[in-house]
Every structure is written in C-alpha cells, then in structure tokens.
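Reviewing the structure listed below.
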Amino acid sequence: MPNVLSPRVRAMIINFDPTQPDALTVSEFCKTQKISRSIFYRLRRRAARESAAALHPESRAPKSPARKYGPAVINELVKIRQQLKKDGWDYGPKTIHYEATINHQEFPGGTVPSVATIARLLAGVGHVDRNPRKRPKSSYVPFARSTVMALWQLDAFEYRTNKNQLLTVYQLIDDASRYDVGSSAFQRHENSQDAYTVLAEAIKAYGAPQEVLSDNSKAFNQLRSGVIGSVEIFLASKGTMPITGLPGRPTTQGKNERSHQTLQRFLEANKPQDLAEARKLIQRYREHYNQRRPHQSLNQATPQAAWDLLEHTPAVEPLPLAVLEAKAAEYLSKRRLAQNVSLVSDVVVSKHGEIMQSTHDVSDVLPGLAANQMAVEVTRENRKAYFQGFHISLPTTFAGRQFVRTITEDEFLLSDPVHGDVVMSFPLPMVALKVSGKLVSSYSIKGIQVSLATRQWEKKAEQYRAAIQANEELMPEVFEH
C-alpha cells in the first residue's frame with residue numbers, strides 16, 4: 001500500500017458507511033479520494049484486525065532481514081578453504097559449505113551461511129579464484145547408468161613423483177554412483193598386465209559389473225583391432241562385456257577424464273616421493289573421495305551414499321568367448337572398408353552444391369579408393385551426403401569431418417577413413433518418408449543406422465521408424481532408386 005494516504009484519508013476509509021441513506025457507493029467514494037477499490041478493502045480488512053494501527057502505514061522493513069556475519073565467520077570460512085586447498089581437494093563454496101555443515105556445532109554462531117553467501121563473503125576478502133565463464137552444464141546431455149555395477153569406466157594417466165619417477169595411475173569408477181572401485185599406481189607404462197591387476201582386485205572386492213568402458217588403448221581393449229586381448233578374456237570369464245568409446249571421441253569417457261583432475265590435484269598437493277608413497281596417498285584419496293567429498297552430479301551426495309542407495313545389478317554369468325570373437329570380427333570387417341584402396345580425388349562439396357578441390361592433402365590418411373568409393377568432407381555449412389542427385393542431410397556431429405562413401409549393390413555406407421568404423425548406413429534401394437525436392441532427411445530413411453547421432457536426430461528417427469512400420473503394408477509417400 002503506498003504511503004501517500006494521510007491519516008485523515010485513512011480515517012475516512014475506516015469510518016465510511018455505505019449503508020447510510022445518502023452515502024456514496026464504494027466505487028464513488030474511491031473515485032473522490034483517488035484510490036483503488038483494492039486499497040479501500042485492504043485498509044478496511046487491516047482496520048478490522050488491528051483497529052487504530054491501520055491509521056499509520058505498515059512497516060516496510062523486511063520480515064526476514066539479511067543476516068550479517070562477523071569476522072569470526074569469515075575467518076572460519078577462509079580457514080576451511082585454505083585447509084582444503086592445502087590437502088589437494090576442491091575448495092569452492094559448495095565444498096566449503098559441506099565441510100562447515102559436517103562440523104556445524106563448532107562453527108561460529110552455529111549457523112552455516114548458504115553457498116551463495118559463502119561465495120560473497122570470500123569474494124569480499126579476496127579469497128576467490130576467478131575462472132572464465134563456462135558453457136552451462138545444463139546444456140550438456142549426460143549419459144549415466146541408473147544402477148550400480150551396470151558399468152565401470154577404466155582409464156589411466158601418467159604422473160611424475162617428486163623424485164622424477166614416472167608412474168602410471170589407473171582409475172576405475174562406477175558410472176552410476178561415481179564410486180572409485182580401484183584406483184592404483186604402477187611403475188611401468190600403460191599395459192594390459194597392470195590393467196588386469198586393477199580389474200581383478202576391484203572385482204574381487206565388489207563383484208563383476210555388467211560392462212567395462214575404456215578408450216581404445218591396447219592395454220584395455222583390442223576388439224576394434226580385431227584382436228581379443230587378455231583383459232577382454234578375463235572380463236568375459238566374469239560375465240563382463242568390455243566396450244569402448246568411438247575413436248577420437250574422449251568425451252565418452254568424460255567421467256573418468258574429469259576424475260583425473262581431482263586425483264592429479266590431490267597428488268600435486270601431497271607430492272609423493274616414490275611408488276609406495278603414491279599408493280598410500282591414492283588409498284587415502286579413495287577413502288576421502290568415496291566417503292567425504294560431495295559430488296555435484298549426485299546433488300552433493302557422496303559416492304558412498306549413492307553406492308549404498310542405488311540398486312545393484314552386477315554381472316550374472318560368464319560370457320562365451322564366441323561373443324567376443326563375433327564382436328572382433330564385426331569391427332575387423334568394418335575396418336576393411338577403408339583399407340587397401342586407392343585415392344581417386346579429395347572431394348569437397350560447397351554450400352551451393354558445387355564440387356570443389358580441398359585446400360589440404362588427405363592422401364596420407366586415405367591411401368586409395370575403390371571404384372565404388374569416394375572421399376567426402378562434410379563442412380558445417382553443408383552437412384550433406386550425395387547419392388544419385390539427392391542431398392541427404394546429416395546430423396550436426398558429422399560436421400568438420402571426412403568420410404569414405406561406399407556404395408554397394410544393396411547398401412550405402414559412410415565410414416571413418418582412419419579406423420574404418422561405419423558411422424552411417426542404409427539399405428538400397430533407398431526408401432524415405434520425408435523428401436523436399438532433392439533434399440532427403442536422413443532420419444526418415446528406412447533402415448538407416450547412425451553411430452554419431454544427436455539426441456534430436458534419434459528422436460526424429462524413432463518417430464519415422466514407427467511410421468514406416470505402421471504403414472509397411474500400405475503405399476507410403478516414398479521414393480525408390
């Protein structure tokens with residue numbers, strides 16, 4: 001309510017009686033006093049509750065005034081931050097709030113400030129690390145298993161001790177809970193024997209997961225090379241399927257890549273002298289990381305809490321070796337698409353559909369092409385593949401990459417020129433439901449398979465698969481070539 005109402009006007013509103021014979025209506029009265037009906041009735045209701053107090057404006061002071069924190073609170077926050085930084089842990093406002101909350105009885109005043117207030121108080125005394133603005137985490141599309149033991153992620157990095165001794169640190173984490181099931185250090189370079197040891201100890205302690213995801217290092221997984229290694233055989237004997245991310249796509253193992261930063265920061269802060277000391281520190285790290293450190297992806301819960309609360313779905317029975325043999329054979333057959341062929345031309349298609357000569361030489365990547373193959377480069381301005389005069393749209397993930405286009409009697413293929421992995425294929429003759437002139441939407445093609453699809457592309461493809469299936473016996477709006 002505005003403060004312009006004088007006590008005299010307030011008294012007139014309170015004492016107004018519209019039931020008198022010659023009295024004005026409420027609307028007429030409000031018009032003469034230049035007030036709204038809502039103000040009139042609000043003041044009348046207040047007068048019924050507070051009597052004469054309604055003659056004066058209500059206090060505008062906040063009902064919950066901002067709490068002011070003294071030097072003791074700020075000093076305690078700075079102390080917690082410095083200790084976390086010294087120990088090699090995250091020392092941002094969220095971690096400081098978590099640590100202060102655990103020991104809130106000892107915190108000055110007994111009330112821990114909010115995360116935002118902690119950030120403001122520390123910024124006020126200059127205890128902040130300025131970071132460049134990053135892409136919002138909400139814009140990412142994360143993937144994570146919903147149950148513990150459904151997937152483990154394995155990766156390794158090299159670390160040099162304070163005595164210049166080079167170590168290889170292996171990290172093994174559970175995908176759903178982020179629980180560290182087996183980090184350890186070894187003195188040799190990355191190899192299958194040490195990876196085997198890490199996995200064997202973790203499986204002995206926690207059981208076997210359904211899958212283990214790693215990169216394409218020969219120490220972890222050789223299936224994409226058409227070879228079955230000792231690590232893969234061991235995992236299959238425990239009922240675990242070894243899987244890898246696509247070559248050149250390290251974000252698939254993003255959880256492990258991010259956990260490397262946390263462990264590396266911890267080791268740098270504590271500076272181990274040799275292998276034995278590094279192993280002791282890693283064991284201490286695992287205990288703190290699993291049981292004490294809050295994880296943002298778990299809504300500030302600890303990995304131990306997530307491990308205990310989520311459902312466990314471990315491996316059930318050993319996998320036959322034939323499963324690995326079939327997988328290795330499948331990868332090997334895909335690799336042959338880009339091998340032992342002769343290069344005809346480096347083809348680049350402009351955004352106007354014109355064939356242009358590439359500005360760089362790719363003959364080192366593609367030693368050659370067969371008669372039914374062509375090297376194509378997909379740009380951000382022109383994300384299309386060409387087939388018999390038609391322009392096939394491609395997902396955004398294909399932009400800025402080069403592929404080998406292969407056309408057989410019954411199949412259209414796009415494959416990676418280095419690893420030979422097929423990234424897109426569909427049967428011939430081509431049948432599609434969405435055609436605009438010469439432009440064909442790839443997600444509407446019958447039987448199409450894409451390994452680098454975006455979430456939006458997959459959603460549209462699923463809709464068209466359902467439409468194709470529903471109208472398979474009818475005459476759909478398709479074309480064939």
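Considering the stretch 45-95 alone, what residues qualify as being of a type in the set (S, T, N, Q) and surrounded by fewer than 18 Cβ atoms within 10 Å (Cβ to Cβ)?
Listed by number, the residues that qualify are Ser51, Ser59, Ser64, Asn75, Gln82, Gln83.
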Can Tyr41 be described as free of Cβ contacts under 8 Å to residues at least 24 places away in the same chain and touching a Leu at 6+ places or on another chain (Cβ under 6 Å)?
no
For the stretch 344-362, check the following and say yes or no: at least one residue is at pLDDT 70 or above and of a type in the set (A, V, I, L, M, F, W, C).
no
Inside the stretch 34-77, the number of residues satisfying the requirement of being in contact with an Asp or Glu (Cβ under 9 Å, 6 or more places away or on another chain) and polar (S, T, N, Q) is 0
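Quick one: how many residues across the stretch 88-97 are among the charged types (D, E, K, R) and at pLDDT 85 or above? Before you say what the answer is, go through the steps one by one.
Step one: of the stretch 88-97, the residues among the charged types (D, E, K, R) are 90, 94.
Filter once more, keeping what is at pLDDT 85 or above: 94.
Here the count works out to 1.
Residues of the stretch 455-466 being surrounded by 15 or more Cβ atoms within 10 Å (Cβ to Cβ) and free of Cβ contacts under 8 Å to residues at least 60 places away in the same chain, which ones? Spell out the reasoning first.
Pass one, the stretch 455-466, residues surrounded by 15 or more Cβ atoms within 10 Å (Cβ to Cβ): 457, 460-461, 464-465.
Lys460, Ala461, Tyr464, Arg465 - these are the residues of the stretch 455-466 that are surrounded by 15 or more Cβ atoms within 10 Å (Cβ to Cβ) and free of Cβ contacts under 8 Å to residues at least 60 places away in the same chain.
Residues in the stretch 98-109: is at least one among the small types (Gly, Ala, Ser), modelled with pLDDT under 90, surrounded by 16 or more Cβ atoms within 10 Å (Cβ to Cβ) and not assigned by TED's automatic domain parsing to the domain that holds His288?
Step one: of the stretch 98-109, the residues among the small types (Gly, Ala, Ser) are 100, 109.
With the extra rule that they be modelled with pLDDT under 90, the set shrinks to 100, 109.
Then drop every residue that is not surrounded by 16 or more Cβ atoms within 10 Å (Cβ to Cβ), which leaves 100.
Filter again for not assigned by TED's automatic domain parsing to the domain that holds His288, leaving 100.
Among the residues of the stretch 98-109, at least one is among the small types (Gly, Ala, Ser), modelled with pLDDT under 90, surrounded by 16 or more Cβ atoms within 10 Å (Cβ to Cβ) and not assigned by TED's automatic domain parsing to the domain that holds His288, which makes the answer yes.
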Helices (runs of 4 or more DSSP H) wholly inside the stretch 238-323 containing at least 1 residues that are modelled with pLDDT of 90 or more, farther than 28 Å from Arg188 by Cβ and in contact with a strand residue (DSSP E or B) (Cβ under 8 Å, 6 or more places away or on another chain)
303-309
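The values are calculated or read from the model by the stated rules, or taken from the named source; none is laboratory data. Just so you know, these numbers come straight off a predicted model, no measurement behind them. Glycine gets a Cβ as well: all are built from the backbone with ideal geometry, and neighbour counts include every protein chain shown.
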